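First the structure, in the form of structure tokens, and then the observations on it.
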Protein chains: 2
Amino acid sequence: MNIVIIGGVAAGPKVAARIMRNDPKANVTVVEKGKFLSYAGCGLPYYVSGVVKTQEELMSTPVGVMRDPVFFQKVKNFTIKNFTEATKINRAEKTVDIKDLNTGEESSLSYDKLVICTGASPFTPPIDGADLDGVYHLHGIEDAEGIKARLAEKKALDTVIMGGGLIGLEMTEALAEHGCRVTVVEMLDHVLPIIDPEMATLVEKHMEAKGARVMTSTKVTAIKGEGKVSAVVTDKGEIPADMVIVSVGVRPNTALAKDAGLELGKRGGILTDATMLTSDEDIYAAGDCVEPIDLITGEPTFVPLGSTANKQGRVAANSVCGKNDAFPGVIGSSVCKVFDFTVARTGLTDKAAKAAGYDIVSVIAPGPDKPHFMPGAAPIFLKLTADKDSRRILGMQAVGPGDGDKRVNAAAVAITAGMTVDEFAQVDLCYAPPYSPAMDNALVVANVLRNKLDGQYKSAIAQEIKPWLDSGEAVLLDVRSPGEREQMLIEEALWIPLGALRSRTAELPKDKRIIPFCKISLRGYEAALILQDAGFEDVVVMDGGIITWPYKKTVK
Amino acid sequence: MNIVIIGGVAAGPKVAARIMRNDPKANVTVVEKGKFLSYAGCGLPYYVSGVVKTQEELMSTPVGVMRDPVFFQKVKNFTIKNFTEATKINRAEKTVDIKDLNTGEESSLSYDKLVICTGASPFTPPIDGADLDGVYHLHGIEDAEGIKARLAEKKALDTVIMGGGLIGLEMTEALAEHGCRVTVVEMLDHVLPIIDPEMATLVEKHMEAKGARVMTSTKVTAIKGEGKVSAVVTDKGEIPADMVIVSVGVRPNTALAKDAGLELGKRGGILTDATMLTSDEDIYAAGDCVEPIDLITGEPTFVPLGSTANKQGRVAANSVCGKNDAFPGVIGSSVCKVFDFTVARTGLTDKAAKAAGYDIVSVIAPGPDKPHFMPGAAPIFLKLTADKDSRRILGMQAVGPGDGDKRVNAAAVAITAGMTVDEFAQVDLCYAPPYSPAMDNALVVANVLRNKLDGQYKSAIAQEIKPWLDSGEAVLLDVRSPGEREQMLIEEALWIPLGALRSRTAELPKDKRIIPFCKISLRGYEAALILQDAGFEDVVVMDGGIITWPYKKTVK
């Protein structure tokens, strides 16, 4: 059986290796346009930062063997032709036209089964100056080398990152560690659209505390420079720039597939069934060029990730070999390190859930990721979203220096299994003090959400509370201890420490909504119970506490 | 409504606080025999080690407020009587006899609902010398203070830990960090019966590398000393000892419940339904004194943990208040830090699964917990066990310096949801290089197990392989590179590096079972595929590689 695979970076070699495992007699050829094979593209920000020392580490096996054509032939027994571009798929003849980019020689490969693994490429916005020297994407190893060369030339570069998505923020950290003055310019209201606005606010504040400048709701209109970039022009003014990183998203590489008449989705990705078969019965696809199904909404989506490419590659290979396997889809799980913060998400954000027509209830439960008495305990802001009627979990978001991705992964399994928040709250997770609080953060947020679903708890995020204060219908109640108030203060809030609240409720207005809060609102919750007990009927806790308050507060 | 709760350490205060949240008018009294309330017993090894600096940290809220009777009254609005022993439950009268341990005064509390949260206590084996000075359990704060006082008296104590369970190993680390010479004496073949023997072997080797002595299959027959302990006598000789920690397990404190005629389980714990109701319709129970249901076997079990006590406490409180809630049971999830290793488990071990009548398939997949090019990537040995017919996941075990509990927690959710290994392998987990390999370790082990279930992969653990070598029916094949052989070697193994194997298969005997291995057997798997391709029919990979080989090997 002749199998041709187009693309040799992520899904392609996976498909090839798995086919050889299934059928050692198969004749597999991988064609790859570029020089580099099977490299860890997601590691590039860490190569730029210097955390990863050499290019070769990204292209070698865990024991240090280079994944080059010789390795693949000797160990895996398949052929990789690099510097070879696939120029046309001839579906009727079942051939692929190819061109040797070194010699210019053209030829053709015939296939019994074809697998398209052409990946995705950074989108370049149609603005003047996008081709100036000093403007980089971060897609291939060549980009990383270019950035590193520029960093070596000059210290403390003024750098503008266009786009506050995952790669943009990873690059912010990488370049800040080189001493660059980094400005992130994001067109939307907030960075990281993978999380909700109030969670993104926490990330933005952390970035600014680390010395990066974050400009949201800002549109880049041009990149300026004489040959070499000198500034980025935005609708909020000009930003001097020695270097610009364009990270405004990627698009699937599907020109070949489109020319061949294969069915594509709304986002331009190839549509496949769960066996990774395209609209042609002899052509499969896997990796970033595919639109997988979102398991929650049931609609095709586009979430290019190495993890998904690997899974799809295995399924495509099994399908090619006639073995029963299926890739059901994704739920948008993502994680990103932003300086000292872990930002993780699975399932739907509130925004996405509402857009998909769900009636949702969500809550933020902050807390340390270990018992507070253990050294290294670090806070996580954990947000959980459920469908109001079915109580099924729709999404979880984590932001903070604590171990958030661990909790989000547990929720990812729960969402995949269709668990309700009630079922999730009872899962027997591992517990010992070096690893988690007795009630793991994931279970605590589930229980708080159960309270909210049951009407035992009312809470709102800062953005919901602000208008109530402005209209005078609500008052803020700070229940923290005096020492805490010396660090951070909302001037207009009333103040009664939690321990004194039960005996001092008479000081509070009965005709207004009371918004109790503390640092992260655990005691805000206690306060709400005391107030309810004292006959206050309209008590709404501030979700996430004073830390999430994005408006004027005094930080001492 | 009058509610009496017996026990004020873990589940008790949780029940009380939750009742007050549900029903602020409830009249709740907690009676606690000891001085200390609501303290983190699981933190005691870390208080002994010095990681936790003061006793108070274990007894205070995250913001440093002491959880004493005044705190509970003022903030939570319930009454705790400490130094007060419940001496008898009078079910007909619905009263509890109590005794003030300070004054000796006896009285009685009447209840509408009673909740028993009496916990568990360390078991003292019936041997001579168990009451000598210098012999400690590690149950209460008093024990921890006693051990700390002794450590302050003399440096480099000879310490014997009786029992290699979770607490025994946590104490081994704590005392080794104080410079003690620690010997762990375990009656069974291996320490940590929560994991399978070949996984426990890895832990034992790590403990020995850290300077602790591990004596397995060793029975303590007496503790010797004149007033003060001087040695531990075992069936394998006498061990000098300045201090002995007895950690041979705990037993539920159910004398009160038993006297009252409540139904108990085989292990002496109180039996309840899922609402935490005992065999008396007005008496509930929660925490370590209860035998919860093992969700996999459906049988009562005994796994005393703070996490379970918390969950049961919430359910018991909701049930007392007439709210619908249920605690379904546990799946034996546990985690333990042993020096630099994380040891975690969920579900059934192979041993337990076989004992429960399952026909199982299991496999060990070792690998780094992050891409190998990221600094701090650390190995995990991950073992996954599934039911052969249904392919449902039965258990996962993790051992090693890598982030194992995270993977085990994901499996815990999967087991709770009844997922098959095929479903689990496709879950969309978070991926970025600082957090996990592109294919998370949990998904890799699931895929290797799928291969094994499908007959595409054969593997066996060292303990299964050894007899085949002794009988001459099998040969070992080392496929590592020359440099690796300089570190560690099995002398009798044949050697062909993986890269050369395809061209040198003629050197191998065709009439014998070939056992390829490398350091951790990823390349052992590659080798098996090459050998199968070359016509070798009986190829079995060594599960976990040379690192798990417990027999003679040369370590250079």
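The values are calculated or read from the model by the stated rules, or taken from the named source; none is laboratory data. What you see is a predicted model; the values in this text were computed from it and never measured. Cβ atoms come from the backbone with ideal geometry, glycine included; neighbour counts cover every protein chain shown.
See the values below:
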read-out: Test: residue in region A:425-445 that is in contact with a strand residue (DSSP E or B) (Cβ under 6 Å, 6 or more places away or on another chain), touching a residue at least 12 places away in the same chain (Cβ under 8 Å), within 11 Å of chain B (Cβ to nearest Cβ) and buried (at least 24 other Cβ atoms within 10 Å of the Cβ); value: yes
read-out: Selection count, region A:307-359, where residues are farther than 16 Å from A:Arg18 by Cα and touching a residue at least 12 places away in the same chain (Cβ under 8 Å); value: 29
read-out: Residue within region B:529-549 that is closer than 21 Å to A:Val70 by Cα and hydroxyl-bearing (Ser, Thr, Tyr) present; value: no
read-out: Residue in region B:453-461 that is free of Cβ contacts under 8 Å to residues at least 24 places away in the same chain and under 30 Å from A:Cys336 (Cα atoms) present; value: no
read-out: Sole exception among (1) out of contact with any Cys (no Cβ under 8 Å at 6 or more places or on another chain); (2) within 30 Å of A:Gly535 (Cβ to Cβ) for B:Gly12, by number; value: (1)
read-out: Failed criterion for B:Ala92 (all others in (1) more than 14 Å from chain A (Cβ to nearest Cβ); (2) in contact (Cβ under 8 Å) with a residue 24 or more places away in the chain; (3) among the aliphatic types (A, V, I, L, M) hold); value: (2)
read-out: Residue match in region B:209-222 (condition: hydrophobic (A, V, I, L, M, F, W, C) and assigned to a loop (DSSP other than H, G, I, E, B)); value: yes
read-out: In region A:407-424, residue farthest from the chain's Cα centre (by Cα) [restricted to those that are within 7 Å of chain B (Cβ to nearest Cβ) and touching a residue at least 24 places away in the same chain (Cβ under 8 Å)]; value: A:Met419
read-out: Any hit, region B:396-408, residues being out of contact with any Ser or Thr (no Cβ under 8 Å at 6 or more places or on another chain) and over 18 Å from B:Asn451 (Cα atoms); value: yes
read-out: Verdict on B:Gly322 being farther than 27 Å from B:Glu208 by Cα and away from chain A (no Cβ under 12 Å); value: yes
read-out: From the options B:Ala152, B:Ala130, residue that is under 23 Å from B:Met59 (Cβ atoms) and surrounded by fewer than 24 Cβ atoms within 10 Å (Cβ to Cβ); value: B:Ala152
read-out: Complete set of residues in region B:509-536 that are more than 10 Å from every other protein chain (Cβ to nearest Cβ) and closer than 18 Å to B:Ile547 by Cα; value: B:Ile515, B:Pro516, B:Phe517, B:Ser521, B:Gly524
read-out: Total residues in region B:287-315, condition more than 15 Å from the chain's Cα centre (by Cα), within 9 Å of another protein chain (Cβ to nearest Cβ) and in a helix (DSSP H, G or I); value: 5
read-out: Extreme residue, farthest from B:Val182 (Cα to Cα), among residues of region B:325-338 that are within 7 Å of chain A (Cβ to nearest Cβ) and outside any loop (DSSP other than H, G, I, E, B); value: B:Val330
read-out: Top-ranked residue in region B:483-540 [being surrounded by 18 or more Cβ atoms within 10 Å (Cβ to Cβ), part of a loop (DSSP other than H, G, I, E, B) and of a type in the set (D, E, K, R); ranked as modelled with the lowest pLDDT]; value: B:Lys519
read-out: Tally of residues being among the acidic types (Asp, Glu) and under 30 Å from B:Val399 (Cα atoms) across region B:493-538; value: 2
read-out: Counted residues, region B:35-80 - those being away from chain A (no Cβ under 12 Å) and touching an Asp or Glu at 6+ places or on another chain (Cβ under 7 Å); value: 2
read-out: Selected residue [closer than 26 Å to B:Val343 by Cα, among the aliphatic types (A, V, I, L, M), touching a residue at least 24 places away in the same chain (Cβ under 8 Å) and in a loop (DSSP other than H, G, I, E, B)] from B:Ile167, B:Ile195; value: B:Ile195
read-out: The one condition in (1) surrounded by fewer than 19 Cβ atoms within 10 Å (Cβ to Cβ); (2) under 17 Å from B:Thr216 (Cα atoms) that B:Val185 fails to fulfil; value: (1)
read-out: Strands (runs of 3 or more DSSP E) within region A:7-110 that include 1 or more residues surrounded by 22 or more Cβ atoms within 10 Å (Cβ to Cβ); value: A:27-31, A:79-81, A:84-90, A:95-100
read-out: Residue count, region A:246-269 (criterion: part of a helix (DSSP H, G or I) and crowded, with 16+ Cβ neighbours inside 10 Å); value: 2
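To keep it simple, each residue is scored yes or no on (1) modelled with pLDDT of 95 or more; (2) closer than 27 Å to A:Gly237 by Cα; (3) in the same structural domain as A:Lys311 (by TED's automatic domain parsing).
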residue: A:Leu114; (1), (2), (3): yes, no, yes
residue: A:Glu142; (1), (2), (3): no, no, no
residue: A:Arg150; (1), (2), (3): no, yes, no
residue: A:Gly163; (1), (2), (3): yes, yes, no
residue: A:Leu169; (1), (2), (3): yes, yes, no
residue: A:Thr183; (1), (2), (3): yes, yes, no
residue: A:Glu186; (1), (2), (3): yes, yes, no
